[in-house]
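This report concerns only the one structure given below.
The values are calculated or read from the model by the stated rules, or taken from the named source; none is laboratory data. Given the structure is predicted, the values throughout are model-derived calculations rather than measurements. Methodologically, a virtual Cβ is constructed for each residue, glycine included, from the backbone with ideal geometry; neighbour enumeration extends over all protein chains shown. The accessibility values were calculated without ligands, DNA or RNA, using every heavy atom of the protein model including side chains. Shrake-Rupley method; radii C 1.70, N 1.55, O 1.52, S 1.80 Å.
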Amino acid sequence: MVQYGIMVVGQLIILRLNQMEIRNSYPKLSTKKILEKFSLYGLTPPKEYTNFLEKYNGGYPEVECEYVDKEDDEYTIPLDCFYGISDTDTSISIFARRGFLSGSLPNQLLPIAGDGIGNEICLGVEGEFFGKVYFWNKDGEAQSQEEVNFSNVELITDSFDLFLLSLTPI
């Protein structure tokens with residue numbers, strides 16, 4: 001029964017992503033290259049996110065879409081782009097965004113997508129946050145003299161796959 005549930009979720013994610021084409025991605029990378037890049041930063045991504053990067057490696061959804069909370073459909077977050085891995089073009093690079101937000105974004109989070117106005121959709125990459133997806137609101141970011149904290153961070157889903165399933169065309 002559990003295997004069936006995982007298979008169905010996987011099929012739903014593939015269906016959702018097939019409905020949502022992603023354009024202007026970085027060149028494709030193998031799982032090995034993705035894991036090597038993450039290891040340079042002392043990180044290990046969740047498998048579901050590695051699979052996503054292997055297939056898309058960032059980019060812009062062809063159709064405008066947003067995260068819609070399944071319990072409160074009034075709560076939405078627009079999705080402008082997914083970040084990917086690139087050493088040459090850093091416009092939507094995961095690690096360039098992480099460096100840019102250093103001192104503002106908690107170290108336990110990795111920015112993986114943006115909403116187009118400076119807020120970030122982040123993936124937990126350490127400890128109790130690992131694998132969960134969060135919304136980081138730039139309006140509450142720490143000032144340089146303040147300690148970075150989670151006061152402007154909100155859990156939105158317990159996994160990257162659930163986040164993908166929560167995306168809806170606008």
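List of remarks:
- Selected residue (criterion: modelled with the lowest pLDDT) from residues of the range 3-40 that are touching a helix residue (DSSP H, G or I) at 6+ places or on another chain (Cβ under 8 Å) and among the basic types (Lys, Arg): ARG16
- Residue in the range 66-87 that is among the small types (Gly, Ala, Ser), touching a helix residue (DSSP H, G or I) at 6+ places or on another chain (Cβ under 7 Å) and in a loop (DSSP other than H, G, I, E, B) present: no
- Just one of (1) of a type in the set (Phe, Trp, Tyr); (2) part of a loop (DSSP other than H, G, I, E, B); (3) in contact with a Gly (Cβ under 8 Å, 6 or more places away or on another chain) fails for PHE150. It is (3).
- When GLU71 is tested against (1) touching a strand residue (DSSP E or B) at 6+ places or on another chain (Cβ under 7 Å); (2) at pLDDT below 90, just one condition goes unmet, and that condition is (1).
- Residues that are assigned to a loop (DSSP other than H, G, I, E, B) and either of a type in the set (Lys, Arg) or touching a residue at least 60 places away in the same chain (Cβ under 8 Å) (or both) are absent from the range 111-119 altogether.
- Residue in the range 134-153 that is open to solvent by less than 20 Å² (accessible area, probe 1.4 Å), of a type outside the set (Ser, Thr, Tyr) and at pLDDT 95 or above present: no
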